[in-house]
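The values are calculated or read from the model by the stated rules, or taken from the named source; none is laboratory data. Here the structure is a predicted model, which means the values were calculated and not measured. Note: ideal-geometry Cβ built from the backbone for every residue, glycine included; neighbour counts use all protein chains shown. Protein only, heavy atoms only, side chains kept; ligands, DNA and RNA dropped before computing areas. Shrake-Rupley method; radii C 1.70, N 1.55, O 1.52, S 1.80 Å.
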Amino acid sequence: MLSHRPFFLLCIPVLIAIVVYPIPFHGKQIVSIDAPLTTTFDVLVNNLWKFHPFIIHINELKKINDTCSYYEITDRIPLISWMNINLPSTYYVQMNIDRKNSCLTSHIHTSLYIMHAYHQYCMHTNTLKSTTTIITDQFHGKSWMIFQNYIKKNMFLSHKSTLDKLRKEMLNYSSK
């Protein structure tokens, strides 16, 4: 066993380097909601944290200006979803609200740079039907190889849930 020790000592840093190597990820969804653009954008901005399915706590660390703030977010990450076992996780978000272009842009990073991402919701009016808003939800970033598929899957789930809740809220709004 001692004769293999140098081999094992060499393998450990290599395996750690492979596991923490940053791998790119990306995703995009396009959703159409039968609601006016300005109202839909305002509802998303005002309820974004409420719509997100995993958020436990939000702390605004710094207000950069009227349209941009820096937040500390505590999430519950589903570890074993069928047993409802979650892991609390903290990450940081710099969010910019661009009302002129109807875009909500976020730069996200975690401690130890396990993940670094860019996320954007943009809205525009459907040219064929002016009462319909088209929302593009896109993200890209890098994460450690060991977490890459997990992060991408949870981003899709949380963004899909957010857009579904926005759609339901806009249905409630239009029925009033």
Next item on the list: Heavy atoms only, probe 1.4 Å: what % of the accessible area of the chain goes to carbon and sulfur, would you let me know?
Entry: 62
Check: Do any cysteines in the chain lack another Cys Cβ under 4.7 Å, and if so which?
Finding: Cys11, Cys68
Item checked: Cα-based radius of gyration of the chain once divided by 2.2 N^0.38 Å, which approximates compact folds -> 1.26
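Apply the a/c threshold of 1.5 to the C-alpha gyration tensor of segment 1-84 and tell me whether it is rounded, prolate or oblate. Write down the numbers at each step before the final one.
On the way: a/c = 2.79, a/b = 2.46, b/c = 1.13.
Because a/c hits 1.5 or more and a/b exceeds b/c, segment 1-84 counts as prolate.
Per residue, how much space in cubic angstrom lies within the convex hull of the C-alpha atoms of segment 109-165? Don't jump to the answer; show the numbers that get you there.
Details: hull volume 4.9 nm³, N = 57.
Hull volume normalised by residue count: 87 Å³.
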Next item on the list: Mind checking the per residue accessible area of the chain for me, 1.4 Å probe, whole number of Å²?
Entry: 63
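Which sequence of Lys129, Lys100, Lys168 reflects their accessible areas, 1.4 Å probe, from the largest down? Present the calculation step by step, with values, prior to reporting the outcome.
Working: Lys129 100, Lys100 185, Lys168 130 Å².
Reading off the accessible areas and sorting them downward yields Lys100, Lys168, Lys129.
Need one number: the % of Cα-Cα pairs in segment 66-132 sitting beyond the 15 Å mark. Mind showing how you got there, number by number?
Details: 1458 of 2211 pairs.
Value for segment 66-132 (Cα pairs over 15 Å): 66 percent.
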Check: With every protein chain present, what accessible area does His116 have (1.4 Å probe, heavy atoms only), rounded to the nearest 10 Å²?
Finding: 90
Notebook entry, point to check: Taking one equal scatterer on every alpha-carbon of segment 75-176, how large is log10 of I(q)/I(0) by Debye at q = 0.14, 0.18 1/Å?
Noted result: -0.69, -1.01
Check: When the chain is treated as a GNM, springs tying every alpha-carbon pair under 10 Å, which of Trp144, Trp82, Trp49 comes out with the largest mean-square fluctuation?
Finding: Trp82
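Could you list, in their original order, any pairs among Lys142/Lys168; Lys50/Lys160; Lys63/Lys153; Lys50/Lys152; Lys100/Lys129 whose Cα atoms are separated by more than 25 Å?
On the way: Lys142/Lys168 32 Å; Lys50/Lys160 14 Å; Lys63/Lys153 30 Å; Lys50/Lys152 21 Å; Lys100/Lys129 21 Å.
Over 25 Å Cα-Cα: Lys142/Lys168; Lys63/Lys153.
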Item checked: Between 0 and 90°, nearest 10: helix 37-51 axis offset from the chain longest Cα axis -> 40
Checklist line | Mean-position separation - Cα centroids, segment 100-116 and segment 28-69, in angstrom | finding: 13
Check: If ligands, DNA and RNA are left out, what is the accessible area of Glu60 with a 1.4 Å probe, given in Å² to the nearest 10?
Finding: 90
